Amino acid sequence: TTTMMITRTAATMMTAATTTKTTMMRTAARMTKTMTRTMTTTTRRRTKIVMMTTATTTKRRRKKIVSKTATTTTTTIERNTDSKTVTSSSDDDFFDADVGIIGAGPAGLALSHALLNRGYKVKVFERRTSFRPVGAAVFMYPLALNALREVSPILEEKLRSVSTPIRKISLTSIVDETLDVGTDRLDEATEVFGSPFVSVKFWDMLCALREGLPDEIFHFGHEMVEFQHMPDDDGDHDNKGGVLLQFRQTKDGSNDDDEEQSITTKAKVKVLIDAAGIRSKTRQQLVGDKPIPRLRATFAVAPKDGIKKTIGIGANGDRQLSFLVGDGVAVTTASLANGDVWWTQTRYDDDPTAPIPTGNEQSLRDRLKERFEPWPQEIKGLVEATDSKDVIECTIAELPVSFRWGERDVTLLGDSAHAQLPALGLGISTAFSDVSELCKQIDKFGLNRKALRWYEAVRVPQTAFLQLASRMAYFANIYLGNK
């Protein structure tokens, strides 16, 4: 009886289990069918939504393209050539260039090479009416050639070929015989720093940097008046509107400052980079500050033939850079490779804001002769060997430290951003470093606002320190010169 009960119970449990399994399978089948229907419906709905969204987006894009094309087609701009209006039919035609560079100085020329090598269309606007000799000479640290090599090894080689490597540097005084410091081991600089200390005629440097640049990128006689930001397209900051530039254009052959002989022209560029120097109109518009006059300086390059007659060849030493101070005057001399000698003089009690005398060469020569009367014959001989018409007298100024160099599609470079006093001779070196850093950011982010802002973020604190250091060196020179 027990066995039969167990058997029946087992049979009942198996039947129940079978029924339960069948029920579960049927339930699972129903759930699967329901889920399949739901998923199919959802997929259809999503597909419909995507199709509707795509159609709407395509329609909007077509409207935007049609609107933009219509706007571009009907827009006219003033070109630099013959001041005529030109109807634009595409975005490339709408802009005169990818980059508008203000200033055909060392920084502007180096930047032009870098951007052209990267495939950008460049226009260089220069205040001078022609590419002609300017300046005397400059001294550069190894930093300058190193930075230029990063921009273009070929360009660095061209500049080095017209430069004079400095072998010896000295600081002495005409009133304090204990002040005599220096070194004659600067030929080792290349091994230590990667490049030599060099001096170079300013005009030779400009010619070396311009070589290889097409003539059509230059627009001489164009003095910057102001810039205007062009609106972004529908607020899309990646599709920026660019910059509208306005110039006072001076005709060839007329004076750079002759407003009566000038006309107004405009140009449109995607990016504006101002390397015009301490008188930058872009800087004035962005920051609103003004140069700070510090001292009056006289400088020139004494020719080899004249030096031979007055003090003899080699009197300035073999590739030597000399700083002489005392009696309220400071003098700098530097040997050049062809036998010429660059010299500068500064008297610290001169009023830097006083008008600079013009048109009286004899007066200038008399003033220099009076100032250099107690100085060594080597210095007096350099002045005597220099033609008065080749002597440049100017005011030396600096710009206040600014932590704002640009906005949107505009930025500053070189002296426009950080004009500093020449006490440390860092002007050209820092300008080439600006070019190098800007190129790095463009290579990383492209020619856009992000690259401009990162360039500023890197260079602003670095150059601020150098500006302050140059100012401290200037006051140190005053102390030594008046000692």
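The values are calculated or read from the model by the stated rules, or taken from the named source; none is laboratory data. What you see is a predicted model, and the numbers here were worked out from it, not measured in a lab. Please note: Cβ atoms are built from the backbone with ideal geometry, for glycine as well, and neighbour counts cover all protein chains shown. SASA here: full protein model, heavy atoms, side chains in, ligands and nucleic acids out. Shrake-Rupley method; radii C 1.70, N 1.55, O 1.52, S 1.80 Å.
Annotations for the structure displayed:
- Remark: pairs (first residue in the range 103-118, closer than 18 Å to residue 426 by Cα and modelled with pLDDT of 95 or more; second residue buried (at least 24 other Cβ atoms within 10 Å of the Cβ) and charged (D, E, K, R); Cβ separation under 7 Å; 6+ apart in sequence or on different chains) = 107/434.
- Residue within the range 164-179 that is under 28 Å from the mean Cα position of the chain (by Cα) and on the phi > 0 side of the Ramachandran plot present: no
- Criterion applied to 175, 181, 134 was being closer than 21 Å to residue 414 by Cβ and either of a type in the set (A, V, I, L, M) or modelled with pLDDT of 95 or more (or both), and the one residue passing it is 134.
- Residues in the range 438-481 that are charged (D, E, K, R) and either closer than 13 Å to residue 411 by Cα or not in a helix (DSSP H, G or I) (or both): 449, 450, 453, 456, 459.
- If you go through the range 124-145 and keep only what is open to solvent by less than 50 Å² (accessible area, probe 1.4 Å) and of a type in the set (A, V, I, L, M, F, W, C), you end up with 124, 125, 131, 134, 136, 137, 138, 139, 140, 144, 145.
- Long-range neighbours under 9 Å by Cβ, at least six apart or interchain, first residue of a type in the set (D, E, K, R) within the range 128-142, second modelled with pLDDT under 90 and part of a loop (DSSP other than H, G, I, E, B): 128/134; 128/256
- Of the criteria (1) touching a residue at least 12 places away in the same chain (Cβ under 8 Å); (2) hydrophobic (A, V, I, L, M, F, W, C); (3) more than 22 Å from residue 109 (Cα to Cα), which one residue 431 fails: (3)
- Applying the criterion of being free of Cβ contacts under 8 Å to residues at least 12 places away in the same chain, farther than 30 Å from residue 296 by Cα and open to solvent by 60 Å² or more (accessible area, probe 1.4 Å) to the residues of the range 441-483, the residue that is nearest to the chain's Cα centre (by Cα) is 457.
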